[in-house]
1. Once the cut-off is 23 Å, how many percent of the Cα-Cα pairs in the stretch 336-445 end up in the long-distance tail?
2. If you roll a 1.4 Å probe over the heavy atoms of the protein chains, what accessible area per residue do you get for the stretch 1-135, in Å²?
3. Calculate for the chain the 222 nm mean residue ellipticity that helices alone would give, adding -39,500 (n - 2.57) per DSSP H run of length 4 or more and normalising by residue count, nearest 500 deg cm²/dmol.
4. Can you give me the solvent accessible area of residue 277 with a 1.4 Å probe, rounded to the nearest 10 Å²?
5. Tell me the label-point distance for the pair residue 39, residue 138, using the 7 Å Cα-to-Cβ offset, in nm and rounded to one decimal.
6. Can you work out the accessible area per residue across the stretch 254-394, with the rest of the protein chains kept in place, probe 1.4 Å, in square angstrom?
7. Suppose all protein chains stay in the model; what accessible area per residue would a 1.4 Å probe give for the stretch 154-222, in Å²?
8. Return the carbon/sulfur percentage of the accessible area of the chain, one whole number, probe 1.4 Å, all protein chains in place.
Amino acid sequence: MKYKSQKVAYWFFALSMLLLVLQIVYGFVMGFARIGFDNLHEFIPFNTARAVHTNLLVVWLLSGFMGAAYYIIPEEAQKELVSVKLAYVQLISLALVGVAAIVGFHFNIWEGRKFLEIPRPLDYLVVANVLLFLGLILVTLFKGKRQTTTALVLSMGLLFAALLYLPGMLQFDSQVTDSFFRWWVVHLWVEGVWELIMGGILSFLLIKLTGVDREVIEKWLYVIVGLTFLSGVLGTGHHYYYIGVNKIWIIVGGIFSALEPLAFLAMALFAVNMYRKGEKKHPNKLALYWTLGAAIVSFVGAGLLGFAHTLPQTNIYTHGTLVTAMHGHLAFWGAYGMIVLAIISYSLPNMTGRKMYDSSIGRAAFWLSNVGMVGMTVAFGVAGVAQVYLERKFKMDFMAVQNEISIHFVVLVLCALVFTTGIALYIVDFYKHGKPTDEALGIND
């Protein structure tokens, strides 16, 4: 059964693609600056490029999550969205807030708090936008014919993500207190409730793509939710030591952060096992590639690479260096970027009626983007280890070290070009599908 509201998902996905392109552009601005080509500095200073790059990461992923919810919730609840018109209002307002924030960054209108740079007035607009989104999703779910575990976990992740944005809006005179609550947003999003969103989308895709019984797949979700909260909440503490909080937090945070790979390992095993058990050979191979890829790459990026530098004995040297960027890029890509591209790859043929399940462009997009991202991760890692050794052991000046490791950013930019080629092909494939049609969605009126 298909629903008119699933058309809304298409436009959220289109917005997320546009924002991803912009994020990549500003990433290149930073990459070229690192290797000495900083001719754009007068127009786009490095700090502006960095703020736009990191904030667009959050917004394009949230746009993808919202699109996923608008596609999944009606189907899981077996009910049309309570108001399609309000969903379009929410889409337009989200886009306007994003444009206002980016323009403001170029005029130094921001708060200067990493990942939470948008000015305070825009914070209130974000809250209003997300409240409208949650209202539409939750009312639809609880008025629906059924409330599945998949839909409930997805909705719970989205609800908690909204609630955890609020601590970042509190104002404090103390920098330590401000940073303490900022990590409630940043860490508990990416290493907490966003994992629930990923788990919900992953469950939906595996149910559709493998044919394994829903009860079997949804039982895994309870394991993932438990591991996520066990490791994610107290794992926040590994950031606290560096803002002046008691030393015990680096120990507590390190221990529980070390447990985080278990949640991602569970997701990877979950996805692979469901695929092997699957009786249904779904023709949408591209969606299956992205789905299994998200589970596996997130385990490597978020799980193993996170573990590699989160233990206190290591983190005391690597914290705040390019080793963090190594972990961050592959973790965000695997855990969240790939799952958004997976739900897009699954839903597009259903919405448009064009069954481009295994196109050469789509396969090239998958492999080039992943090879490029792995190359970028390696470049960040090598540069990060060199940075740690030169700064922490040889006590060299920060800027002197940046000059020494700039050659690694040449490799990084080359790998980023491969990654960008993959994303460009994915977007070509996206637009070749065309727009959603009533006929494809099975809507007669």
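The values are calculated or read from the model by the stated rules, or taken from the named source; none is laboratory data. The structure presented is a predicted model; accordingly, all values stated were derived computationally and were not measured. Glycine gets a Cβ as well: all are built from the backbone with ideal geometry, and neighbour counts include every protein chain shown. Ligands, DNA and RNA are excluded from the accessible area calculation, which covers all protein heavy atoms including side chains. Shrake-Rupley method; radii C 1.70, N 1.55, O 1.52, S 1.80 Å.
1. That fraction is 49 percent.
2. I get 42 Å² per residue for the stretch 1-135.
3. Helix contribution divided over all residues of the chain: -24500 deg cm²/dmol.
4. Approximately 120 Å² of residue 277 is accessible to the 1.4 Å probe.
5. Between residue 39 and residue 138, the simple spin-label model gives 5.2 nm.
6. Dividing the accessible area of the stretch 254-394 by its residue count gives 38 Å².
7. 37
8. Carbon and sulfur: 68 percent of the exposed surface of the chain.
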